[in-house]
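The values are calculated or read from the model by the stated rules, or taken from the named source; none is laboratory data. In this text, all values refer to a predicted model and were calculated from it rather than measured experimentally. Here the Cβ positions follow ideal geometry from the backbone for every residue, glycine too, while neighbour counts run over all protein chains shown. Remember, those area values only see protein heavy atoms, side chains included, never the ligands or the DNA or RNA. Shrake-Rupley method; radii C 1.70, N 1.55, O 1.52, S 1.80 Å.
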Amino acid sequence: MYREEYIHCRQNQAFEQYRGGILLQKEIEKTYEEIDYKIRRPDLLGKTVQVTAHQFPTVNKLVKSICEYEQMECPPVYVYEDYYYGAESYGIRKPWIELSAKTIQDFSEEELGFVLGREIYKIADGVTGQKTMMEERFRMIRQMAPNQLEQASRISFYHWYRITNYSADNYGYLQCGNIHTAVNAILKMVLNSIGLADQVDIREFIGQASEINRLDDDVFNYTKADEPVPYAPHRIQNLMAYAISERGLRARETMERWKRV
């Protein structure tokens, strides 16, 4: 399956716009690898449980399957204790995924396939590396430069990163193979609850996206632009549109053929 079959139509353009403002990327990445990565590594190994064939085998099987499809090396996955649902990828040259224990406990295997697929896509497409590098850059800017410079960089980066999350949702949906599963996983993340997610009327929830769009003045628009992840009604709206599009139907058929082999 080609990348163009699931990435958002505006992602490449947004990346070119944001990339033009990146300064000292190689130096920032070197600082991260030589200092911040090493600072974080002991706590990661000491305060989590790594996924293996013998520890959380369902998660391990899902990661291996998705990475086999991508023909990439499996990133390490670490399970941490938390009351909240969560799955996030980190790192630049040696990326990894962190998954909360509550997510493993409460999500179905198919829902785990959706959230893991999202993060593996981000690693494979370089999104995770860019996010990690930019977070390191923002930290350095706060120490060295005026807030105006940080603000301009952050808004440009967030615009691109929001769009990559739409692509990640599309990819996660293709991996789990069921739009209801994908939507339910998003709702669980929003509400942090199994039972409450089942009480959401999808049509009414998506209607909140139109209300957000109508909030249109400088304050509203700054608030929306300062979000790194799209609002959930927009995510579900995008995902459902993708699932019934010609491109989405073709990509799903490609994925189903691969899984049957």
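3J(HN,Hα) along the stretch 236-243, derived from phi through the Karplus expression 6.51 cos²θ - 1.76 cosθ + 1.60 where θ = phi - 60°, amounts to 5, 4, 5, 5, 5, 5, 5, 4 Hz, with x in place of Gly and Pro.
What area, in nm² and to one decimal, does the C-alpha convex hull of the chain cast on average over all directions? About 14.9 nm², averaged over all directions. Using 0.36 nm per residue and subtracting the Cα-Cα separation, the extra length available between Leu191 and Arg40 on full extension is 51.4 nm.
Looking at the stretch 25-84, which trypsin sites (Lys or Arg not before Pro) are DSSP coil and have at most 14 other C-beta atoms within 10 Å of their C-beta?
For trypsin sites (Lys or Arg not before Pro) across the stretch 25-84 that sit outside H, G, I, E and B with at most 14 neighbouring Cβ atoms in 10 Å, the list reads Lys47.
The length gained on full extension between Leu215 and Glu27, counted as 0.36 nm times the residue separation minus their Cα-Cα distance, comes to 63.7 nm. Take the chain with all the other protein chains still there, run a 1.4 Å probe, and you get 53 Å² of accessible area per residue. Summing +1 for each Lys or Arg and -1 for each Asp or Glu among the other residues whose beta-carbon sits under 15 angstrom from that of Leu62 gives -2. Shown here for the stretch 10-104: chymotrypsin sites (Phe, Trp or Tyr not before Pro) in loop regions (DSSP other than H, G, I, E, B) with at most 11 other Cβ atoms within 10 Å, namely Tyr83, Tyr84.
Taking the charge dipole of the chain about its Cα centre, with +1 at Lys and Arg Cβ atoms and -1 at Asp and Glu Cβ atoms, the residue from Ala14, Val229, Asn184 reaching farthest to the positive side is Ala14.
Percent of accessible area on the chain owned by carbon and sulfur, 1.4 Å probe? Walk me through the numbers on the way to the answer.
Values: 7120 of 13890 Å².
Summing carbon and sulfur atoms, their accessible area is 51 percent of the total for the chain.
For the chain, the relative contact order comes to 22 percent (Cα pairs under 8 Å, sequence separation of at least 6).
Candidates Thr103, Gln71, Tyr37 compared by Cα position along the dipole of the stretch 11-112: farthest toward the positive end lies Tyr37, with charges placed on Cβ. Using Cβ point charges alone (K and R +1, D and E -1), the dipole size of the chain about the Cα centre works out to roughly 560 debye.
Heavy atoms only, probe 1.4 angstrom, no DNA, RNA or ligands counted: give me Cys9, Cys74, Cys176 ranked by accessible area, highest first.
Cys9, Cys74, Cys176
Taking amide H positions as modeled 1.01 Å from N, with prolines and chain starts lacking one, the residues under 5 Å from Gln50 and 5 or more places away or on another chain are Val79. When shorter helices are ignored and each DSSP H run of at least 4 residues is given -39500 (n - 2.57), the per-residue value for the chain at 222 nm works out to -21000 deg cm²/dmol.
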